[in-house]
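Below is one structure, written out as structure tokens; the observations come after it.
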Amino acid sequence: AQTVTQSQPEMSVQEAETVTLSCTYDTSESDYYLFWYKQPPSRQMILVIRQEAYKQQNATENRFSVNFQKAAKSFSLKISDSQLGDAAMYFCAYRGNAGNMLTFGGGTRLMVKP
Amino acid sequence: GAGVSQTPSNKVTEKGKYVELRCDPISGHTALYWYRQSLGQGPEFLIYFQGTGAADDSGLPNDRFFAVRPEGSVSTLKIQRTERGDSAVYLCASSLGASATYEQYFGPGTRLTVT
């Protein structure tokens, strides 16, 4: 079974600074997808960024980028120019190419200080 | 367009009671997922529908939990003889199809509290 681990329960960043959230996963599959979701207090999970395992290039979405290290099974999220609206829970998630469900990590609470 | 909606937003029930949680997926989405998120944890998969049929119910914790999607659109998660350990946020998600290339869109969840 696949597992996803987020070792940082909480992180704090100064507004306009950069922060990196860590995620590691365990799988025996060679083809899969990785995601970062944001969950604000409204509870609605919002997709931030996705990475296909077969792509060597790291995904980027505006201020959000990932560092995908397939051999190390590591998938970190970098948020540049942090904004107050970035404060939320962030979840790393895995999906196998053959499976349907998402497997989530335990989450990291990000606080942004003005 | 409208996103995934879930009703009720919050539900408080007594131990031993029966509850139904409803999910309205995005129109045209054939795949529908239920997840459970306990306090301080990430969501855990419960069940997945492709059309009207439950394609994967391996995440349902026991036979007190059951879900239906009779017309391939709205889904209802049913919990019998509720226990305090069932207290959690129940999230529903839908996607255009089953392929991993399709994004899962989540609803705001139903917070269930069993007293």
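The values are calculated or read from the model by the stated rules, or taken from the named source; none is laboratory data. The structure presented is a predicted model; accordingly, all values stated were derived computationally and were not measured. No Cβ is skipped: glycine too gets one built from the backbone with ideal geometry, and neighbour counts run over all protein chains shown.
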Inset, instruction - Take the residues in region B:6-32 that are out of contact with any Lys or Arg (no Cβ under 6 Å at 6 or more places or on another chain) and closer than 21 Å to A:Met89 by Cα, then tell me which one is surrounded by the fewest Cβ atoms within 10 Å (Cβ to Cβ). - result: B:Ser9
Inset, instruction - Could you list all residues from region B:44-75 that are more than 16 Å from B:Ser27 (Cα to Cα), in a strand (DSSP E or B) and of a type outside the set (Phe, Trp, Tyr)? - result: B:Glu44, B:Leu46, B:Ile47, B:Gly53, B:Ala54, B:Ala55, B:Asp56, B:Ala67, B:Val68
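Which is touching a strand residue (DSSP E or B) at 6+ places or on another chain (Cβ under 8 Å), under 20 Å from B:Ser27 (Cβ atoms), within 8 Å of another protein chain (Cβ to nearest Cβ) and modelled with pLDDT under 95, of B:Ala98, B:Ala93?
Of the residues listed, the single one that is touching a strand residue (DSSP E or B) at 6+ places or on another chain (Cβ under 8 Å), under 20 Å from B:Ser27 (Cβ atoms), within 8 Å of another protein chain (Cβ to nearest Cβ) and modelled with pLDDT under 95 is B:Ala98.
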Legend entry - Single condition A:Gln14 does not satisfy, out of (1) farther than 19 Å from B:Glu44 by Cα; (2) within 14 Å of chain B (Cβ to nearest Cβ); (3) in contact (Cβ under 8 Å) with a residue 60 or more places away in the chain: (2)
Legend entry - Cβ pairs under 8 Å, 6+ apart, first in region A:90-114 and at positive phi and at the interface with another protein chain (Cβ under 7 Å from one of its Cβ atoms), second crowded, with 18+ Cβ neighbours inside 10 Å and part of a strand (DSSP E or B): A:Gly107/A:Gln39; A:Gly107/A:Met89; A:Gly107/A:Tyr90; A:Gly107/A:Phe91
Inset, instruction - Restricting attention to region B:99-115, report how many residues are touching a residue at least 12 places away in the same chain (Cβ under 8 Å) and more than 27 Å from B:Thr13 (Cβ to Cβ). - result: 3
